[in-house]
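Okay, structure first, notes after.
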Amino acid sequence: MTFRFNVFGKRMSVSRVEAQWQLFNDSDTGMRARVYDVVIPPELDESELARYLDDIYHERSSEAYPRVILLE
């Protein structure tokens, strides 16, 4: 399963692969690039992903993008 987020104005997605969460940068053309320098703890529940990304990327917060949002 894949979850898509607006991370302070940047589109990102998180996929569950076996027992791991994998984080990706998403492009406007549909391509994804894996983010290796952020490790999402495998024990996190899917409901905790947005808060975790908010904690990791909080320095990107702005008036226009004050929080991480789960996209449909």
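The values are calculated or read from the model by the stated rules, or taken from the named source; none is laboratory data. The model shown is predicted, which means the values in this text are computed figures rather than measured ones. As a convention, Cβ positions derive from the backbone with ideal geometry for all residues, glycine included, and neighbour counts pool all protein chains shown.
Listed values, structure above:
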read-out	value
E59 being assigned to a helix (DSSP H, G or I), more than 13 Å from T2 (Cα to Cα) and more than 13 Å from the chain's Cα centre (by Cα)	yes
Candidates A50, A33 - the one that is in a strand (DSSP E or B), of a type in the set (A, V, I, L, M, F, W, C) and modelled with pLDDT of 95 or more	A33
Extreme residue, farthest from I56 (Cα to Cα), among residues of segment 10-40 that are loosely packed, with under 11 Cβ neighbours inside 10 Å and either in contact with a helix residue (DSSP H, G or I) (Cβ under 8 Å, 6 or more places away or on another chain) or of a type in the set (V, I, T) (or both)	T29
Residue list for segment 1-42, restricted to those being of a type outside the set (S, T, N, Q) and either touching a His at 6+ places or on another chain (Cβ under 6 Å) or in contact (Cβ under 8 Å) with a residue 40 or more places away in the chain (or both)	M1, F3, R4, F5, V7, F8, G9, K10, R11, M12
